[in-house]
Amino acid sequence: MVRTRFAPSPTGYLHIGGARTALYSWAFARKHGGQFILRIEDTDQERSTLESERAILEGLAWLGLTWDEGPYYQMQRLERYQAVARQLIDAGLAYYCYASKEELETLREQQRARGEKPRYDGRWRPEPGKRLPEPPPGVRPVVRFRNPSEGEVSFHDLIKGPITVANSELDDLVILRADGVPTYNFGVVVDDWDMGITHVIRGDDHVNNTPRQINILKALGAPIPQYAHVPMILGHDGERLSKRHGAVSVLQYRDAGYLPEALLNYLARLGWGHGDAEKFSLDEFVRWFDLKDVSHAPARFDAAKLTWLNQQYLREATDERLAGLILPYLARQGIHTERGPELAAVVALLKERVSTLEELADAAHIFYRQVLPTPEQLRAKLEPAALPALADLRAGLATVPWQRAALDALIRDTAQAHGLKLGQLGIPLRLLLFGSTQTPSLDLTLERLGRDETLRRLQAAWPLLQTSIG
Ligand code: GLU
């Protein structure tokens, strides 16, 4: 039974990189009919916040990355880590260390001065025949893992291939702090063991921790999971992706109007490929996903490609769904749609022209609130010869059958009768109705806007014609 996990620390938002790790872990579990577990690694009490935890859960839920177990919280499992640490101490595989911060700092300085790599010197490590110092009174010790001093640790990373590290490179790391809270490496080990994790899929910033974790697992007699370290994500400039590169949090993309399926598709493809498939469903991804196809090289984040994908998914989404999704954007902007044309019909007209929900909402405005053009705008686009044509058109609009073909014919005939090109009539008409020249074709736009509203708007904007022409 495959069991994977996503183990974020609630110390920030759900980052694009974290979301991709979660997606790969989730997809791997789904593909193998296994389970996906969510674990909140909240032992950094200074940096962990409830707000960040909420943002992570909200981001995962929005993406639809559902978990089968959890969330587990490390801070609710302290007794378990303490018990396991005691078990290791009793077996002679871990020990109390009473060295003070100052002492360790002095040690590091001396090592640096000698040109050595700073490391714990084993002063409290029990050895046969060694006499340990008396524990200083009143000092609460940390617990250190007794790392093997000989030999090496090897594992086969499912993405990076074989990795071997000599034990002489690893010192005796602290596993339990003096206050009884585990360090990162120990919490992960106990949890991966207790939670029966078979495959650890995570960012390759953790690859150096893996040999340490394997040593502790071995000391516990626990099974060693398989490891897959996913290369990091870079910005367009080759630097590690960060806020400097723009939006990096999943919820920022949600708020800017990206569809979850577009972001998932993009993240799936970021550092993994299946032939030259660029656009695929989540089901296809789960079917195709294999760790051996994850790239060994860091991926580069390409915002334009994500936007392109979003555009494709917007086109495919139903008008009703998109209408529901843009309502909150419109509400935030104080736009009420009840008294205007049906929102889904407006969406149908606009969705091919935009790449985000935010843009879709912005484009839909014009149907629900008239924006008057400035006299300067009008003056720039209005020729005196268009005035009588506009007046005729206004009269025609009062009686023409209100459907697309008839509206189109009316506009064309009116322009022709006055010797105008279509744009010479159409552009000032757009300005009068919408305060903008950027609208979909007039026949469709008018059809959606409706006769009453069209005439009402013309009446409201008409006096501007006089002032512009002066
Ligand atoms: N909590 C760690 C992090 O946020 C992840 C640890 C892991 O996946 O082993 O980076």
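The values are calculated or read from the model by the stated rules, or taken from the named source; none is laboratory data. In this text, all values refer to a predicted model and were calculated from it rather than measured experimentally. All Cβ positions, even for glycine, are placed from backbone atoms using ideal geometry, and neighbour counts span all protein chains on display.
Things to note:
- Scanning region 161-187 for residues that are assigned to a helix (DSSP H, G or I) and within 30 Å of R20 (Cα to Cα) yields a count of 4.
- Unmet criterion (only one of (1) over 26 Å from A299 (Cα atoms); (2) more than 11 Å from the ligand (Cβ to nearest atom)) for S48: (2)
- D171 surrounded by fewer than 21 Cβ atoms within 10 Å (Cβ to Cβ), under 24 Å from the mean Cα position of the chain (by Cα), farther than 16 Å from T4 by Cα and away from the ligand (no atom under 14 Å from the Cβ): no
- Any hit, region 255-278, residues being of a type in the set (G, A, S) and part of a helix (DSSP H, G or I): yes
- Residue list for region 76-128, filter: closer than 23 Å to Q45 by Cβ, out of contact with any strand residue (DSSP E or B) (no Cβ under 7 Å at 6 or more places or on another chain) and of a type in the set (A, V, I, L, M, F, W, C): L78, A83, V84, A99, L104
- So L390, is it free of Cβ contacts under 8 Å to residues at least 40 places away in the same chain and over 30 Å from L251 (Cβ atoms): no
- Tallying residues that are closer than 15 Å to P8 by Cα and away from the ligand (no atom under 11 Å from the Cβ) within region 187-203 yields 0.
- Scan of region 5-17 for residues that are outside any loop (DSSP other than H, G, I, E, B), in contact with a helix residue (DSSP H, G or I) (Cβ under 8 Å, 6 or more places away or on another chain) and near the ligand (Cβ under 10 Å from one of its atoms), ordered by number: R5, F6, H15
- Output for region 329-362, where each listed residue is surrounded by 14 or more Cβ atoms within 10 Å (Cβ to Cβ) and at positive phi: none
- Scope region 437-470; condition β-branched (V, I, T), part of a helix (DSSP H, G or I) and within 20 Å of L343 (Cβ to Cβ); matching residues: T445, T454
- Which listed residue is part of a loop (DSSP other than H, G, I, E, B) and among the basic types (K, R), from R369, R379: R369
- The residues of region 415-470 that are more than 42 Å from the chain's Cα centre (by Cα) and of a type in the set (D, E) amount to a single one, D452.
- Residue match in region 230-247 (condition: at pLDDT 95 or above and within 12 Å of the ligand (Cβ to nearest atom)): yes
- Picking from residues in region 188-244 that are among the charged types (D, E, K, R) and in a strand (DSSP E or B), the one that is surrounded by the most Cβ atoms within 10 Å (Cβ to Cβ) is R202.
- Some residue of region 29-36 being touching a Gly at 6+ places or on another chain (Cβ under 6 Å), more than 11 Å from the ligand (Cβ to nearest atom) and not basic (K, R): no
- Among the residues of region 109-132, the ones that are of a type in the set (K, R) and part of a helix (DSSP H, G or I) come to 1 in all.
- Only one of V84, V2 that is more than 15 Å from the ligand (Cβ to nearest atom), among the aliphatic types (A, V, I, L, M) and touching a Gly at 6+ places or on another chain (Cβ under 6 Å): V2
- Residue match in region 25-42 (condition: in a helix (DSSP H, G or I), crowded, with 17+ Cβ neighbours inside 10 Å and among the β-branched types (V, I, T)): no
- The condition of being part of a loop (DSSP other than H, G, I, E, B) and within 17 Å of S249 (Cβ to Cβ) holds for R47.
- Answer from P148, P182 - the residue that is within 14 Å of the ligand (Cβ to nearest atom) and more than 24 Å from S25 (Cα to Cα): P182
- Complete set of residues in region 145-160 that are in a loop (DSSP other than H, G, I, E, B), among the aliphatic types (A, V, I, L, M) and more than 32 Å from the chain's Cα centre (by Cα): none
- Of all residues in region 43-67, those satisfying the criterion of being in contact (Cβ under 8 Å) with a residue 24 or more places away in the chain and buried (at least 16 other Cβ atoms within 10 Å of the Cβ) are T43, S48, S52, E53, A55, I56, G59, L60, W62, L63, L65, W67.
- Condition met for P135 (in a loop (DSSP other than H, G, I, E, B) and either away from the ligand (no atom under 14 Å from the Cβ) or under 24 Å from L104 (Cα atoms) (or both)): yes
- Listing of helices (runs of 4 or more DSSP H) fully contained in region 283-360 that carry 1 or more residues being of a type in the set (D, E): 303-316, 319-332
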